[in-house]
Amino acid sequence: MNKRKEIDIVNGPLFGNMMMFVWPIMLANILQITFNFADTIVVGNYGSQKALAAVGTTAPITIFFTWGLQGLSLGANVYISRMIGSGDTKKIKNAIFCALLIGFTAGTIISFIGVIFAKTFLELLQTPSDIIGYSASYLRIYFAGCIAIGTFDFATATLRAKGDSRRPTLYLAFSAVLNVGLNLLFVIVLGMNVEGVAFATLISQFFACFLALRRLTGNKDLIIDRSLYESDIVLTMLKYGIPSAIQNQMFSFSNMIIQSSINSFGSDFVAANTAANAIEEYVYVFVDAFPQASLTFTSQLYGAGKIRKIKDMVIMAFLICWLGAFGIGMIIYLNGQFFLGFMSNDPLIIELGMYRLKNVTRFLFINGLLDVVVNSIRGFGIAALPTLVTLFGVCGFRILYIYTYFASHHSPDSLYLCFPLSWLLTLIIQSIIWIFVYRRRRMELIENS
């Protein structure tokens, strides 16, 4: 094991360790988003507007399942981080084997469901008839790669739980470069249109999975041996992971309803939303990195009994995420027409895309703050409560909003406002819960010492 790649979260300096942990994740996000941005440019300029809209309208469906896998993998992160923090690493190989088994099994199930019911999902979203054929083709090919996505998510969850966030960054970077190269080949050279984008994504997903598994097996962290299976480990990981997976999927379900509302404005608006969303992803450089740090750091520090350090970590992650995500969001909004021009030269697409940048992108930092708090609560070993609160605060609010306020105020502005309003409401509630959980865990530690 190469210790230089792993961070001593428990004993090292907090700020330095956090920045060492998040910068590879941020770099991976920048690379991944940039290459996804390039994909959208390729489709929008060398494919067709219908192809661009088709890829965009599948996003809520693919996110529903892939976010579920990511949420499920948090169970492995929490379990292994807790083992390392407490110094109990005797069964680390058992834990890694069980984690990868869960990821592979879940990914396989989703692949079969997605391939079989792809068109049904699109029909439920009221996908415009002029693009549903493109969307169905893309979706079936994409879902075939969920086996790799599930395995990769759990493999990288184990690496990050051990403090190694650099290698997952490299694997994502390599796969993203491959993805762009294949997009150029399939779409521009071979003229495969939306199918070319889907196959490029499929191949790059399996490549990233291969790299992660190669690292774990080469380092002998992962040994394929049925005797390593322990049902107690699997059940504990699922105990932590399933609530997070349900939360992510309900998040996505509410987004599906929003996508159905977006579809109601026609294929031009769908294409504009796709373009704006691709640019908006740059805010996730901060929105994604610091919540991941919050989960791993809280888990390890709580396992080591250093609960006071958790408070400082959460405040630090909160402030940096706030400043970074807000700053990037404002830069994107103020230069929105310029960035949207890369996606399409159609003035209508640019005009419609600005609605999302104005109402969602500027306020995306609230989502990051919410995830920092929620992941810290999960790091304390509490999974169900933050999930229930998010289900009602985000998903429930959005569904109620769409069928009440938006139904009587059918406009892009009123549609997109449901995002920041739901984030803010839930952030306030989750922050109160975090304070209560922190104080309770601190008192338990004092009583047991």
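List of remarks:
- Residues located in region 281-317, provided they are closer than 26 Å to Gly336 by Cα and at pLDDT 85 or above: Phe290
- Matching residues, region 105-154, being hydroxyl-bearing (Ser, Thr, Tyr) and either assigned to a helix (DSSP H, G or I) or under 23 Å from Phe186 (Cα atoms) (or both): Thr105, Thr108, Ser111, Thr120, Tyr134, Ser135, Ser137, Tyr138, Tyr142, Thr151
- So Leu101, is it surrounded by fewer than 21 Cβ atoms within 10 Å (Cβ to Cβ), over 28 Å from Val270 (Cβ atoms) and at pLDDT 85 or above: yes
- Residue within region 297-306 that is within 24 Å of Asn448 (Cα to Cα), of a type in the set (Gly, Ala, Ser), touching a Leu at 6+ places or on another chain (Cβ under 7 Å) and not in a helix (DSSP H, G or I) present: yes
- Filter result for Arg214 (modelled with pLDDT of 80 or more, closer than 30 Å to Gly12 by Cβ and among the charged types (D, E, K, R)): yes
- Lone unmet requirement of (1) of a type outside the set (Ser, Thr, Tyr); (2) within 15 Å of Tyr416 (Cα to Cα); (3) modelled with pLDDT under 90 for Leu364: (3)
- Qualifying position, being among the polar types (S, T, N, Q) and within 20 Å of Asp164 (Cα to Cα), among Thr298, Thr274: Thr298
- Single residue of Ala271, Ala276 found to be at pLDDT 85 or above, buried (at least 24 other Cβ atoms within 10 Å of the Cβ) and among the hydrophobic types (A, V, I, L, M, F, W, C): Ala276
A quick yes/no check of all residues on (1) crowded, with 21+ Cβ neighbours inside 10 Å; (2) at pLDDT 80 or above:
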| residue | (1), (2) |
| --- | --- |
| Asn17 | no, yes |
| Pro24 | yes, no |
| Phe37 | no, no |
| Phe97 | yes, yes |
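- All positions within region 258-281 that are among the hydroxyl-bearing types (Ser, Thr, Tyr) and under 10 Å from Pro128 (Cβ atoms): Ser264, Ser267
- The residue that is surrounded by the fewest Cβ atoms within 10 Å (Cβ to Cβ), counting only those in region 128-174 that are among the small types (Gly, Ala, Ser) and more than 17 Å from the chain's Cα centre (by Cα), is Ser129.
- Qualifying residue in region 405-417 (condition: out of contact with any His (no Cβ under 8 Å at 6 or more places or on another chain) and buried (at least 23 other Cβ atoms within 10 Å of the Cβ)): yes
- Flag for Asn263 being in contact (Cβ under 8 Å) with a residue 12 or more places away in the chain and within 27 Å of Met354 (Cβ to Cβ): yes
- Pairs with Cβ under 6 Å, 6+ apart, first in region 228-240 and of a type in the set (Asp, Glu), second buried (at least 17 other Cβ atoms within 10 Å of the Cβ): Glu230/Asn94
- Among (1) farther than 30 Å from Tyr79 by Cα; (2) within 21 Å of the chain's Cα centre (by Cα), the one test that Tyr333 misses: (2)
- Criterion (at pLDDT below 80, part of a helix (DSSP H, G or I) and over 19 Å from Leu139 (Cα atoms)) met by exactly one of Ser175, Ser252, Ser244: Ser244
- Test result for Ala384, more than 20 Å from the chain's Cα centre (by Cα) and surrounded by fewer than 22 Cβ atoms within 10 Å (Cβ to Cβ): no
The values are calculated or read from the model by the stated rules, or taken from the named source; none is laboratory data. All values derive from a computational prediction rather than experimental measurement. Positions of Cβ are backbone-derived with ideal geometry, glycine not excepted, and every protein chain shown enters the neighbour counts.
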